[in-house]
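This report refers to the structure that appears directly beneath it.
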Amino acid sequence: MHYVWVVIIGFVAGVIAKLIHPGPNEPSGFILTTLLGIAGAFVATFIGQAIGWYGPDQSAGFIGAIVGAIIVLVAWGAFAKRTD
């Protein structure tokens, strides 16, 4: 059941991040949006643990997943090919 919640939270975080940071060449579709949110949660957890906000056994929450997904979108926009 844990993995189902990971997918649901990842999808919602990815959708919200895409609404906050729209772009012409961002990933689209259910799978990529879900992976975006999950990757955002991992990024937020890594950064939070490195800064000292989270302990070694803690992970980022929903807001952290959204912020991490925005960071992933910004990185995606910097490295992805432009489709103009």
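The values are calculated or read from the model by the stated rules, or taken from the named source; none is laboratory data. Here the structure is a predicted model, which is why all the values come from computation and not from measurement. For neighbour counting, all protein chains shown are included, and Cβ atoms are generated from backbone atoms with ideal geometry for every residue, glycine included. Ligands, DNA and RNA are stripped out before the accessible areas are found, and what is left, the full protein with its side chains, is counted by its heavy atoms. Shrake-Rupley method; radii C 1.70, N 1.55, O 1.52, S 1.80 Å.
Say R0 is 41 Å: what FRET efficiency, to the nearest 0.05, do Phe79 and Val6 get from their beta-carbon distance?
Details: r = 25 Å, r/R0 = 0.62.
E between Phe79 and Val6, to the nearest 0.05, is 0.95.
Which angle from 0 to 90°, rounded to the nearest 10, does the C-alpha axis of helix 62-79 make with the longest principal axis of the chain?
The angle comes out at about 40 degrees.
Which whole-number percent is the relative contact order of the chain (Cα, under 8 Å, 6+ apart)?
Taking the mean separation of contacting Cα pairs over the length of the chain, I get 37 percent.
Ignoring ligands, DNA and RNA, what accessible area per residue does segment 1-83 give at 1.4 Å, in Å²?
Each residue of segment 1-83 exposes 66 Å² on average to a 1.4 Å probe.
Largest first and to the nearest Å, give the Cα extent of the chain along each principal axis.
For the chain, the Cα extents along the three principal axes come out at 43, 30, 17 Å.
Where q = 0.16, 0.19, 0.29, 0.32 Å⁻¹, what log10 of I(q)/I(0) comes from the Debye formula for segment 29-73, counting one point per Cα?
-0.36, -0.49, -0.93, -1.05
If the chain between Ile20 and Ala50 were fully stretched, how many nm would it gain, using 0.36 nm times the residue separation less the Cα-Cα distance?
Separation in residues times 0.36 nm, less the Cα-Cα distance, equals 8.3 nm.
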